[in-house]
Structures are given as structure tokens and as C-alpha cells.
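Q: Right, I'll just put the structure down here and ask away after.
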Amino acid sequence: MNSAPVITTLVIGADYTKALSKCLDSKRNYATKHGYTYIQGGEKFWDRNKPIAWSKIPFLLSVCAELPEGALIWQSDADVFITNPNLRLEDHLVPELPADKDMVMSLDACGHINSGNILFRNTEWSRDYWKRVGEQKKYTYHLWWENAAMVELYHTNSVDHSKILITRKHKVFNAYLRGIPDEPLWEPKDFLVHFAGVYDLKQMEEYAERCEKGEVVRIPMPPSEVQACENARRESLYMIDNVKA
């Protein structure tokens, strides 16, 4: 089987799609450059009974249903901009997923387990995992939506915990412009930048343009937020080493 992942992104809403055109085009062009399959989901998968982020679940389940068993899928959020398209997935991303795991996510620069960029195999476990993520109703309106549900299952289900690798190498495939001072942040030549925590679309467009020009962009964090992120990192590291009984 071809070891190259299929690239998936969900984007819903005309204004949102337009504002993120540079990010979306970067993935489309990247896929074309290397001969990868790029699948961009839209309103077809919109579950109007939940915040839009949850529509990622039916989208990914639909993608999985069309792909062969064991296929690799790189799910990348719409607010991700590829800044070094010369890096091939087979060389840069695929090695981050060990043979004994079915999914890899990162512990991000802000100390949280983040699903903005994940690589996973299309397996019986991963399909069931996505279904169970979608069933976590108590997180429907959580600030992190499906990401919170994913973390909950990872922390409370021993099988899920054993199938998912949480790596601290976030700069490899989930680099930020902001974070805890001792965490590495995005730099020119890095594979991509994820504009996590940037909610102003015009600001995001500006950041993308500046990154494209090779400018080292940084978003400052107040001391109180740094402290909160350091606390979150300690909790996340504990979670990685322990499954809740």
C-alpha cells in the first residue's frame, strides 16, 4: 500500500472558507506537488445540532468508509498553513506514527493535547474511536468541542490510550506562533504553522502573509496565561503516563 497519507480538511461557511483561502490553497497545492489525495469536506457534513467543529466526525467517518483498511489519513484543521511544501509526508510525518499505534497527536506549545493536526490509520479501532468521540454529549459545547472528547477517551479508556501516541514534537507537524516560553515555536522552513487560538480571521490572514514572507511572527502571552498553560502541561504529562481507573 502507498505509505502516503490522504490529506483531509473540513471547512464550512462561505466567509470562513474565503478568509482561510491561503491556508486551504497551501494544502491543495502541496497535495498536487507531491501527488497526494486532498479531500476538503464542506456543508454536506454539517451537523446543525452541534457546533461546527463536531462535523469533523461524520466527515472523517465518511472518508474512512471510502479508503482501504490501514490507509493513512492526515487530518489537518482549516487554520493550518503549509510553509515548507518541499517536505514529503513519507519522510516528515509518517515516521512519527509507530507501527504499534494507530494515531499520533501532539502535546502543543501551550501544554494541551491538540487534535489540530493528527495522523491516523483507517482501522476498526480508529473508526470505532471516532464514533465514540461523537457520542460524548457532555462535551458538545465545551470550549474545545471534539478535541475535549478525544482527550477524555484517551484518558479513561485503556485501549484508546494504548492506540494513541501523544508526542511532544509539536514543532514537527503542529507548530504555533505562541506558547510556553520553553517550548519551541514556528520558524521559517518548518513544515506548517497552526493558527490555534487566533479567532480574528483578518488577523489570521495577516499572520499567514507574514509567515509566507519568512517573518518570524510571535503572539505574546500574558503571565497569567503562561502560568495556566504550564499547569495544563503538567496535567497533560500526567495523563500521558496514566489511565484513569
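Values in this text are rule-based calculations from the coordinates and carry no lab data. Given the structure is predicted, the values throughout are model-derived calculations rather than measurements. FYI the Cβ positions are ideal-geometry reconstructions off the backbone, even for glycines, and counts take in every protein chain you see.
Q: Condition first: among the charged types (D, E, K, R) and assigned to a helix (DSSP H, G or I). Now tell me which residues in the stretch 22-59 satisfy that.
A: Restricting attention to the stretch 22-59, the residues satisfying the condition of being among the charged types (D, E, K, R) are 22, 25, 27-28, 33, 43-44, 47-48, 50, 56.
Matches in the stretch 22-59: Lys22, Asp25, Lys27, Arg28, Lys33, Glu43, Lys44, Lys56.
Q: Could you check the stretch 119-144 and list, in sequence order, the residues that are within 19 Å of Phe195 (Cα to Cα) and surrounded by fewer than 22 Cβ atoms within 10 Å (Cβ to Cβ)?
A: Leu143, Trp144
Q: Sticking with this structure for a sec: List the pairs whose first member sits in the stretch 132-154 and is in contact (Cβ under 8 Å) with a residue 24 or more places away in the chain and under 11 Å from Ile113 (Cα atoms), whose second member is part of a helix (DSSP H, G or I) and of a type in the set (Asp, Glu), and whose Cβ atoms are under 8 Å apart, counting only residues at least 6 apart or on separate chains?
A: Tyr154/Asp160
Q: Looking for whichever is without any contact (Cβ under 8 Å) to a residue 40 or more places away in the chain and under 20 Å from Val193 (Cβ atoms) here; the options are Ser21, Ser62, Ser26. Which one fits?
A: Answer to the check: Ser21.
Q: Sticking with this structure for a sec: If we scan the stretch 49-59, do we find a residue that is at negative phi and free of Cβ contacts under 8 Å to residues at least 12 places away in the same chain?
A: yes
Q: Moving to a separate point now. Go through Glu205, Glu225 for me and flag whichever is more than 20 Å from the chain's Cα centre (by Cα) and at negative phi.
A: After applying the criteria, what remains is Glu225.
Q: Condition check: under 30 Å from Pro220 (Cβ atoms) and crowded, with 20+ Cβ neighbours inside 10 Å. Does Ile113 satisfy that?
A: yes
Residue by residue, here is whether (1) of a type in the set (Lys, Arg); (2) surrounded by 15 or more Cβ atoms within 10 Å (Cβ to Cβ); (3) within 19 Å of Ile73 (Cβ to Cβ); (4) out of contact with any helix residue (DSSP H, G or I) (no Cβ under 8 Å at 6 or more places or on another chain) holds:
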| position | (1), (2), (3), (4) |
| --- | --- |
| Lys18 | yes, no, no, yes |
| Cys23 | no, yes, yes, no |
| Ile39 | no, yes, yes, no |
| Lys44 | yes, no, yes, yes |
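Q: If you scan the stretch 187-205, which residues turn out to be out of contact with any helix residue (DSSP H, G or I) (no Cβ under 8 Å at 6 or more places or on another chain) and surrounded by 18 or more Cβ atoms within 10 Å (Cβ to Cβ)?
A: His194, Ala196
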